[in-house]
1. Scan region 28-62 for residues that are surrounded by 15 or more Cβ atoms within 10 Å (Cβ to Cβ) and in a helix (DSSP H, G or I) and jot them down.
2. Would you kindly identify the helices (runs of 4 or more DSSP H) lying entirely within region 65-160 that contain at least 2 residues that are aromatic (Phe, Trp, Tyr) and surrounded by 15 or more Cβ atoms within 10 Å (Cβ to Cβ)?
3. Taking the options 99, 86, name whichever one is hydrophobic (A, V, I, L, M, F, W, C), more than 16 Å from the ligand (Cβ to nearest atom), touching a Ser or Thr at 6+ places or on another chain (Cβ under 7 Å) and farther than 24 Å from residue 249 by Cα.
4. Starting from region 53-69, take each residue that is within 11 Å of residue 41 (Cα to Cα) and list its partners that are hydroxyl-bearing (Ser, Thr, Tyr) and within 13 Å of the ligand (Cβ to nearest atom), counting only C-beta distances under 9 angstrom and pairs at least six apart or across chains.
5. When you scan region 38-47, do you find a residue that is aliphatic (A, V, I, L, M), away from the ligand (no atom under 16 Å from the Cβ) and free of Cβ contacts under 8 Å to residues at least 60 places away in the same chain, even just one?
6. State the number of residues belonging to region 74-90 that are touching a helix residue (DSSP H, G or I) at 6+ places or on another chain (Cβ under 8 Å) and free of Cβ contacts under 8 Å to residues at least 24 places away in the same chain.
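Computed from the coordinates by the stated procedures, all read-outs in this text should not be read as laboratory data. Computed from a predicted model, the values in this text were never measured in an experiment. Don't worry about glycine lacking a Cβ; one is built from the backbone with ideal geometry, like all the others, and counts go over all protein chains shown.
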Amino acid sequence: MMIEKIFSFIFGAVIGSFLNVCIWRLPKDLSIVKPFSFCPKCNTPIKWYDNVPILSFIILGGKCRSCKEKISKRYPVVEAITAVMFLLLYAKLGLGADFFKYIFFFSLLILVSFIDIDYHAIPVYLCFIGIAAGLTISAVDTLNYLRMGFFDWKGIPFVKALWALIFGFGFSYMFKFFGDIFVGLYLALRKKESIEGETEALGLGDVDFMGMAGIFLGIKLCVLTFFLAPFFALVYAVFAIIFKKSHLLPYLPYLSLGALAAFFWGDKILRLVIMQ
Ligand SMILES: [Zn+2]
């Protein structure tokens, strides 16, 4: 339905605008509710008609109305990504409970990705909010499941979610454990302190992320996410070498792209790999 597509897109742009506020304020421990948005240069509060997602940036030509300071392109980009994301999710899921479950999940991925790009770390509570929400949703699903009358331990949504959470944690922690030993050995042999301050193969934030991905994607697609991420990182690495940018990799954006690819095309990718 056209009207629902338009609704998803606009809803996504509005949530994207809120994500911008969160990306900017959460790492600084600032409130995301008060005060309303203001220009970081001249402190002028931004009027509602200058705060319309995507459109205002275009109308204002990317400049603050009062002081003409350039506004970061990041803002309309995050809004557009979120808007398209919501549209894709609507196309796949329709406007049911799953739509709201996955717009929450993917909004959180956009949030942690951009904070990770800026800080190379994320507030620890973000993935735990995702995990708590995922477990709550699966608990509600469990009530519906039990109401249907038949009973199979392995089919209970909450049991499945809990098992996927433990698996996501354990699986990625195993890679972190052996990866860290490998990186440590490499640095010791080369008698180097670290590569641009990086001493770990994976951060604990990545392990938390994989636990969350387990709950929302299930074990199979969670594993696929983990193995798709390096391919996205490789594309960036080539780009970084050509344009001589820092090769320090915030990893959450690649895990997020991996999760995106796994969610939308996971079954196709797996069929291709296993060649069924
Ligand atoms: Zn200004």
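1. 50, 56, 57
2. Per the criteria, 74-93, 97-119.
3. Values: 99 fails: touching a Ser or Thr at 6+ places or on another chain (Cβ under 7 Å).
None of the other options fit; the residue is 86.
4. 64/44; 66/44; 67/44
5. no
6. Residues meeting the conditions: 1.
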